[in-house]
1. Using the structure shown, decide if A:Phe52 is within 11 Å of chain B (Cβ to nearest Cβ) and of a type outside the set (Lys, Arg).
2. Step by step: first the residues of the range A:39-55, then only those that are in contact (Cβ under 8 Å) with a residue 40 or more places away in the chain and open to solvent by 60 Å² or more (accessible area, probe 1.4 Å), then the one that is nearest to A:Gln94 (Cα to Cα). Which residue is that?
3. Check off (1) open to solvent by 40 Å² or more (accessible area, probe 1.4 Å); (2) farther than 22 Å from B:Asn90 by Cβ; (3) more than 14 Å from every other protein chain (Cβ to nearest Cβ) for B:Glu17 and give me the number that stays unchecked.
4. For A:Ala34, state whether it is in contact (Cβ under 8 Å) with a residue 24 or more places away in the chain, surrounded by fewer than 21 Cβ atoms within 10 Å (Cβ to Cβ) and within 18 Å of B:Cys107 (Cα to Cα).
5. Considering every residue within the range B:105-113, establish whether at least one is open to solvent by less than 10 Å² (accessible area, probe 1.4 Å), more than 7 Å from chain A (Cβ to nearest Cβ) and modelled with pLDDT of 95 or more.
6. Being more than 18 Å from A:Asn7 (Cβ to Cβ), at the interface with chain A (Cβ under 8 Å from one of its Cβ atoms) and either over 14 Å from the mean Cα position of the chain (by Cα) or open to solvent by 10 Å² or more (accessible area, probe 1.4 Å) (or both) is the filter here, so list the residues in the range B:59-97 that pass it.
7. Is one or more of the residues making up the range B:63-84 under 26 Å from A:Phe79 (Cβ atoms), touching a residue at least 40 places away in the same chain (Cβ under 8 Å) and in contact with a Leu (Cβ under 7 Å, 6 or more places away or on another chain)?
8. Name the strands (runs of 3 or more DSSP E) wholly within the range B:60-109 that hold at least 3 residues that are not β-branched (Val, Ile, Thr)?
Protein chains: 2
Amino acid sequence: MKIQNINEIEETEVTMEGAKDAKMRLLISDKDGANNFAMRMFTVEPGGHTPFHFHNYEHEIYVLEGEGVLHGADGEHAFKSGDVIFVQPNEKHQFRNVGEKEMKFLCLIPTPEKCA
Amino acid sequence: MKIQNINEIEETEVTMEGAKDAKMRLLISDKDGANNFAMRMFTVEPGGHTPFHFHNYEHEIYVLEGEGVLHGADGEHAFKSGDVIFVQPNEKHQFRNVGEKEMKFLCLIPTPEKCA
């Protein structure tokens with residue numbers, strides 16, 4: 001059993017190519033004994049974004065704060081705090097902060113070696 | 001790709017024995033094509049709680065609102081909004097709302113047939 005405040009968890013810059021002004025906290029992972037999926041929190045500054053990319057696993061997202069646009073292969077979709085987002089495996093996606101405040105969202109991914 | 005506000009998602013009473021004044025929304029599940037893990041949101045009224053029980057799968061939790069106590073085999077642990085909680089498989093657990101407002105948390109579980 002682990003209980004931890006997010007503010008106690010290290011935040012690191014997202015250095016992946018195509019990311020801008022985005023940081024990540026690894027909230028729950030295999031280091032905690034979580035072997036099936038991992039919980040991360042992303043904080044994106046106004047004007048910032050994640051990479052426009054795709055991969056062979058899904059995203060389950062809960063938007064905690066702010067407002068943004070999900071850029072997909074089919075265009076742009078607005079989202080805001082209190083929205084849930086599911087991105088299918090191999091769908092192109094990018095999360096852009098189009099608001100004036102920080103945008104924060106949880107983004108969970110499967111741990112491939114355990115779920116494959 | 002799915003984007004949906006939580007307020008558009010049906011909320012149902014948790015009828016499991018041992019639950020009191022707790023409701024659940026299924027935010028992302030296999031119905032959306034999410035085959036590895038499911039995202040649920042629980043809302044517990046002041047004085048309410050989830051069952052004191054255990055099962056063979058883990059919980060990954062993010063506390064959205066309110067304050068509570070996690071009752072485990074080893075005693076009681078306070079938590080509040082902005083905390084993350086990991087409950088291991090087979091750990092006894094119960095979430096109690098000890099505050100004066102609604103307590104809301106996300107609770108994610110693996111989809112057993114895919115991750116076993």
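The values are calculated or read from the model by the stated rules, or taken from the named source; none is laboratory data. If you're wondering where the values come from, they're calculated on a predicted model, not measured in any experiment. So basically every Cβ, Gly included, is an ideal-geometry build from the backbone, and we count neighbours across all protein chains shown. Please note that ligands, DNA and RNA were not included when accessible areas were found on the heavy atoms of the full protein model with its side chains. Shrake-Rupley method; radii C 1.70, N 1.55, O 1.52, S 1.80 Å.
1. So A:Phe52 does not fit the description; no.
2. Going residue by residue through the range A:39-55, those that are in contact (Cβ under 8 Å) with a residue 40 or more places away in the chain are A:39-53.
Remaining after also requiring open to solvent by 60 Å² or more (accessible area, probe 1.4 Å): A:45, A:52.
Working: A:Glu45: 14, A:Phe52: 4 Å.
My answer is A:Phe52.
3. Among (1) open to solvent by 40 Å² or more (accessible area, probe 1.4 Å); (2) farther than 22 Å from B:Asn90 by Cβ; (3) more than 14 Å from every other protein chain (Cβ to nearest Cβ), the lone unmet condition for B:Glu17 is (2).
4. Values: in contact (Cβ under 8 Å) with a residue 24 or more places away in the chain: yes; surrounded by fewer than 21 Cβ atoms within 10 Å (Cβ to Cβ): no; within 18 Å of B:Cys107 (Cα to Cα): yes.
Spelling it out, it is not the case that A:Ala34 is in contact (Cβ under 8 Å) with a residue 24 or more places away in the chain, surrounded by fewer than 21 Cβ atoms within 10 Å (Cβ to Cβ) and within 18 Å of B:Cys107 (Cα to Cα).
5. There is at least one residue in the range B:105-113 that is open to solvent by less than 10 Å² (accessible area, probe 1.4 Å), more than 7 Å from chain A (Cβ to nearest Cβ) and modelled with pLDDT of 95 or more.
6. Listed by number, the residues that qualify are B:Gly72, B:Asp74, B:Gln88, B:Glu91.
7. Yes, that holds for at least one residue.
8. Answer list for the range B:60-109: B:67-72, B:75-80, B:93-97.
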